[in-house]
Amino acid sequence: MRPERRDRPPIHFEGRAARESDLARRVATLCVLLLVPAATACRTEDGYSIAVVSDSADVRIIESKSDAWSEGQHWRLADEPTLDIGVLEGEAPYQLFEVVGARRLTDGRIVIANAGSFELRFYEPNGTHVVSAGREGGGPGEFTGMMSLDVLSGDSLLVFDWRSQRVTYFDSSGTLARTIQLQFLPGMGGFPMIVAPFDNGSLLVGVRTYFDSGEYERGLSRDDIVYLRSNSEGILIDTLAVRPGGEMHFISEGSGRILGDRPFGRYPQHAVYRDGFFYGSGDRFEIDYYRSDGQLRRSLRRAQTNMKVTAADVEGYTRRQIENAQNERQRQINERLLADDPFPETFPAYRDFVVDAEGNLWVAVYRRPGDDLPRWTVFDPDGQMLGEVSTPERFTIHQIGSDFVLGHWQDDLDVEHVLLFELVKE
């Protein structure tokens, strides 16, 4: 029997990679653009503009207009996974429930953060379960709301628990190393929605702030996300940036109010890379890179417009919200929200970020409802758009190595699996 699904954190995200020869030729035709301070247009051999790079107040702006991969050159996932962990019926360690993270260690072992059982589960490279660590509770090495898993140098592990606002460190064998409590600015009034390590061991902490309940009685509003840096002990070091957060919608309910997601709303995306982090608001295809001192260094842009939201999109979304209500009260709330909900004119530009082992940024393309094929636009470490990679339906990426992609997938019976695919570079 599968355990009862527990409530998840109140976060609204859709929601925490043989190119050398041809790419080198094409980059050579790009006029060595990355060192040119003035705006520079660069062209391929056929004269088609690929990217424009400029500097503005020490911020490098890279706008890509087409793929750097040539025809016949691309990356893809192998047709079948080389490893599949997850069963409908069988021993408990192979029954996965609410996977929130998966990582491959340097020796090939797989670690899975299984939030449904509050455990870290360790598997041999062939998928054989070895040991589990953690359980439900408030003590050291225990969890109440596992949210993310990261691997540090030496294959030590970091687990963020959103309910307790704690970070727990384990060694590569699953032995508890230490637990730290996160510190926040007094009166911030938010909660942590991301904790990820920089290369130097300090932590990026994203705190989503909420509105003053007296300010908004009805309508569309957008909160802020405050990016902080904490040291390895959880002590606040600095505020790095304050950027737009998620779009929400309010309606009055007596003396209170009801809060809901904005349909097709904009929500921030982020990913740590070395000593900084990528941030995107989703308003347009623009992604900023901040250093861990809060300085904006790069802005990646793709020359495209967001997809239009059609009447069919609105009708389909409205129908699903009513049909999927769990009870009559929820149905009534959904109807009230939708009756007054301001649908946007366009969809967001993207829906997720992942940085691979080589420093390439993978950006998940926002998909129109009914489009079930995940597609990722890949940018190299200098910000040039390389091309697009597709992944299987219902597959969520957790880690991208130089030659593999690891993630979790739900089959037609909603059974969760962690799959490892070879990343083929042609």
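The values are calculated or read from the model by the stated rules, or taken from the named source; none is laboratory data. In this text, all values refer to a predicted model and were calculated from it rather than measured experimentally. When we count neighbours, we look across all protein chains shown, and the Cβ atoms used for this are built from the backbone with ideal geometry, even at glycine. Side chains included, ligands, DNA and RNA excluded: accessible areas come from the protein's heavy atoms. Shrake-Rupley method; radii C 1.70, N 1.55, O 1.52, S 1.80 Å.
Okay, here's what the table says:
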read-out	value
Condition check for R394: farther than 24 Å from L96 by Cβ, among the basic types (K, R) and open to solvent by 10 Å² or more (accessible area, probe 1.4 Å)	no
Looking only at the stretch 75-98, and only at residues there that are of a type in the set (V, I, T) and open to solvent by 10 Å² or more (accessible area, probe 1.4 Å), the one that is farthest from L423 (Cα to Cα)	V87
Close pairs (7 angstrom Cβ cut-off, 6 or more residues apart or separate chains): at positive phi in the stretch 184-201, modelled with pLDDT of 65 or more and assigned to a loop (DSSP other than H, G, I, E, B) anywhere	G201/S232
Every residue from the stretch 341-351 that is part of a strand (DSSP E or B) and surrounded by fewer than 21 Cβ atoms within 10 Å (Cβ to Cβ)	T346, R351
Filtered residues of the stretch 408-426 (kept if surrounded by fewer than 19 Cβ atoms within 10 Å (Cβ to Cβ), in contact with a His (Cβ under 7 Å, 6 or more places away or on another chain) and within 22 Å of A357 (Cβ to Cβ))	E426
All positions within the stretch 305-320 that are touching an Asp or Glu at 6+ places or on another chain (Cβ under 9 Å), among the polar types (S, T, N, Q) and more than 15 Å from P342 (Cβ to Cβ)	N306
Number of positions in the stretch 315-330 that are assigned to a helix (DSSP H, G or I) and surrounded by 15 or more Cβ atoms within 10 Å (Cβ to Cβ)	3
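Matching residues to (1) on the phi > 0 side of the Ramachandran plot; (2) of a type in the set (S, T, Y); (3) over 25 Å from the mean Cα position of the chain (by Cα); (4) open to solvent by less than 40 Å² (accessible area, probe 1.4 Å):
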{"position": "S117", "(1), (2), (3), (4)": "no, yes, no, yes"}
{"position": "V131", "(1), (2), (3), (4)": "no, no, yes, no"}
{"position": "G138", "(1), (2), (3), (4)": "no, no, yes, no"}
{"position": "S148", "(1), (2), (3), (4)": "no, yes, no, yes"}
{"position": "G154", "(1), (2), (3), (4)": "yes, no, no, no"}
{"position": "L157", "(1), (2), (3), (4)": "no, no, no, yes"}
{"position": "Y169", "(1), (2), (3), (4)": "no, yes, no, yes"}
